[in-house]
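Visitor: Here's a structure for you.
The values are calculated or read from the model by the stated rules, or taken from the named source; none is laboratory data. Quick caveat, the model's predicted, so the values are computed rather than measured. Please note: Cβ atoms are built from the backbone with ideal geometry, for glycine as well, and neighbour counts cover all protein chains shown.
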Amino acid sequence: MQRDGAVVEGPGAAPIAVVVAGATGWVGSALVPAILAAPDMRLVGAVARRQAGQDVGTALGAAPVGVTLVATVAEALAAPATVLVDFTSAASVQEHVLAAVERGVHVVVGASGLDPGDDARLDALARAKGVGVMVAGNFSLVATLAKRLALIAAAEMPGWELVDYAAPGKPDAPSGTAFEWAVALGSAHGRPPAVPTSDVVGHREARGATIAGVQVHSVRVPGYVLSTALLAGAGDERLTIRYDAGQSSAPYLAGTLLAIRRVPTLLGLVRGLEQLLPEL
């Protein structure tokens, strides 16, 4: 079976044993019922520090499902598992990923906080342990399409920047979606700004953060859930490619379930949900 960076199908009729970290969070609370309803998956662990000791079904306002919430990923991984799904926080995601990989458990990462600068080290560790790690800033299939379109546009436009919108309480900046777009755009089509940030007169911070050579501006105001926009210009014309998320976490479920099904066929670290989708 070829597993070196490529997605391959293999046998395996047994349900995928899944642990969800952040099981009572915004995405996790919708993901848990989706996993329970999936015939090819089995929820074997759930992590939520504040609700530890409760049945995860009860904690989510439904009937008990026979899975007790625990406070740490280490506790959840004490039982056999195939895939850890992490929708926690930037402060803890790296620790969780390392804990799973060390135990030979595949990982799907939806939380922000994994620095691409650590990708090579994490990829090497995952390969040594024979597991796959799927990292995506956004598991929405529509957001993934928007990212693809942004990459196509950036290849043809002489100048562009990213704007990241979210609610005031979002602690990370930029969002995982905007960060992933910046890294992909910078790697493929990075161009230096007409005026280097070091030469800006006044307040350099007003030009935003430079991520992978891309200027990113994070706006935090009421009324937004999550929006990421590529603002591009060429001569006397402009183009905006923008992804807007709604109040529900439902758009992220299909992509996350896809990643759970496919990550056991990966070896090493793969970044970006588009890696699991057919080419345009």
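Visitor: Testing Leu149 on (1) touching a helix residue (DSSP H, G or I) at 6+ places or on another chain (Cβ under 9 Å); (2) of a type outside the set (Gly, Ala, Ser); (3) surrounded by fewer than 24 Cβ atoms within 10 Å (Cβ to Cβ), one condition comes back false. Which one is that?
Guide: Tallying (1) touching a helix residue (DSSP H, G or I) at 6+ places or on another chain (Cβ under 9 Å); (2) of a type outside the set (Gly, Ala, Ser); (3) surrounded by fewer than 24 Cβ atoms within 10 Å (Cβ to Cβ), Leu149 fails exactly one: (1).
Visitor: Confirm whether Pro192 is without any contact (Cβ under 8 Å) to a residue 40 or more places away in the chain and within 25 Å of Ile152 (Cα to Cα). I'd like the intermediate steps shown before the answer.
Guide: Values: without any contact (Cβ under 8 Å) to a residue 40 or more places away in the chain: yes; within 25 Å of Ile152 (Cα to Cα): yes.
Yes: the conditions hold for Pro192.
Visitor: Return the pairs, sorted by first residue and then second, in which the second residue is among the aromatic types (Phe, Trp, Tyr) and in a helix (DSSP H, G or I), the first residue lies in segment 152-173 and is buried (at least 22 other Cβ atoms within 10 Å of the Cβ), the beta carbons are less than 7 Å apart, and the residues are 6+ apart or on different chains.
Guide: Leu162/Trp181
Visitor: Ok, one more. Can you list the helices (runs of 4 or more DSSP H) lying wholly within segment 57-163 that have 3 or more residues being of a type in the set (A, V, I, L, M, F, W, C) and closer than 16 Å to Leu267 by Cβ?
Guide: Because the criterion is at least 3 residues that are of a type in the set (A, V, I, L, M, F, W, C) and closer than 16 Å to Leu267 by Cβ, the helices (runs of 4 or more DSSP H) in segment 57-163 that meet it are 93-102, 119-129.
Visitor: Quick one: which of Arg271, Arg220 is in contact with a strand residue (DSSP E or B) (Cβ under 8 Å, 6 or more places away or on another chain) and not assigned by TED's automatic domain parsing to the domain that holds Ala21?
Guide: Selected residue: Arg220, the only one of Arg271, Arg220 that is in contact with a strand residue (DSSP E or B) (Cβ under 8 Å, 6 or more places away or on another chain) and not assigned by TED's automatic domain parsing to the domain that holds Ala21.
Visitor: Something else now. Being more than 21 Å from Gly176 (Cα to Cα), modelled with pLDDT of 95 or more and in a loop (DSSP other than H, G, I, E, B) is the requirement here; does Gly53 meet it? If you could, list the steps in order and put the result at the bottom.
Guide: Values: more than 21 Å from Gly176 (Cα to Cα): yes; modelled with pLDDT of 95 or more: yes; in a loop (DSSP other than H, G, I, E, B): yes.
For Gly53, the condition - more than 21 Å from Gly176 (Cα to Cα), modelled with pLDDT of 95 or more and in a loop (DSSP other than H, G, I, E, B) - is met.
Visitor: Among the residues in segment 71-85, are any more than 30 Å from Arg127 (Cβ to Cβ), in contact with a helix residue (DSSP H, G or I) (Cβ under 9 Å, 6 or more places away or on another chain) and outside the structural domain of Ala173 (by TED's automatic domain parsing)?
Guide: yes
Visitor: Take the residues in segment 93-107 that are of a type in the set (Gly, Ala, Ser) and touching a strand residue (DSSP E or B) at 6+ places or on another chain (Cβ under 9 Å); name whichever of them is surrounded by the fewest Cβ atoms within 10 Å (Cβ to Cβ).
Guide: The residue in question is Ala99.
Visitor: Of a type in the set (A, V, I, L, M), farther than 17 Å from Ala154 by Cα, modelled with pLDDT of 90 or more and touching an Asp or Glu at 6+ places or on another chain (Cβ under 8 Å), is that true of Leu226?
Guide: Working: of a type in the set (A, V, I, L, M): yes; farther than 17 Å from Ala154 by Cα: yes; modelled with pLDDT of 90 or more: yes; touching an Asp or Glu at 6+ places or on another chain (Cβ under 8 Å): yes.
So Leu226 passes the test.
Visitor: Here's something else I'd like to know. Out of all the residues in segment 28-47, which are among the β-branched types (Val, Ile, Thr) and over 12 Å from Leu257 (Cα atoms)?
Guide: Val44, Val47
Visitor: How many residues does segment 108-123 contain that are in contact (Cβ under 8 Å) with a residue 60 or more places away in the chain and more than 13 Å from Gly22 (Cβ to Cβ)?
Guide: The number of residues fulfilling the criteria is 4.
Visitor: So which of Leu31, Leu122 ends up being touching a helix residue (DSSP H, G or I) at 6+ places or on another chain (Cβ under 8 Å), aliphatic (A, V, I, L, M) and buried (at least 23 other Cβ atoms within 10 Å of the Cβ)?
Guide: Values: Leu122 fails: buried (at least 23 other Cβ atoms within 10 Å of the Cβ).
Result: Leu31 is the single residue among Leu31, Leu122 that is touching a helix residue (DSSP H, G or I) at 6+ places or on another chain (Cβ under 8 Å), aliphatic (A, V, I, L, M) and buried (at least 23 other Cβ atoms within 10 Å of the Cβ).
Visitor: Shifting gears a bit: For segment 190-217, which residues satisfy the criterion of being of a type in the set (Lys, Arg) and in a loop (DSSP other than H, G, I, E, B)? Write out each step before concluding.
Guide: We begin by selecting, within segment 190-217, every residue of a type in the set (Lys, Arg); these are 191, 204, 207.
Within segment 190-217, just Arg191 meets the criteria.
Visitor: Looking only at segment 205-261, filter to residues that are of a type in the set (D, E, K, R) and surrounded by 13 or more Cβ atoms within 10 Å (Cβ to Cβ); which one of those is farthest from Val19 (Cα to Cα)?
Guide: Among residues in segment 205-261 that are of a type in the set (D, E, K, R) and surrounded by 13 or more Cβ atoms within 10 Å (Cβ to Cβ), the one farthest from Val19 (Cα to Cα) is Arg207.
Visitor: Could you tell me which residue of segment 86-98 is modelled with the highest pLDDT, considering only residues that are among the aliphatic types (A, V, I, L, M) and over 15 Å from Ala124 (Cα atoms)?
Guide: Looking at residues that are among the aliphatic types (A, V, I, L, M) and over 15 Å from Ala124 (Cα atoms), I get Val93.
Visitor: Among what's in segment 125-146 and is touching a helix residue (DSSP H, G or I) at 6+ places or on another chain (Cβ under 8 Å) and of a type outside the set (A, V, I, L, M, F, W, C), pick the residue that is farthest from Ala245 (Cα to Cα).
Guide: Lys129
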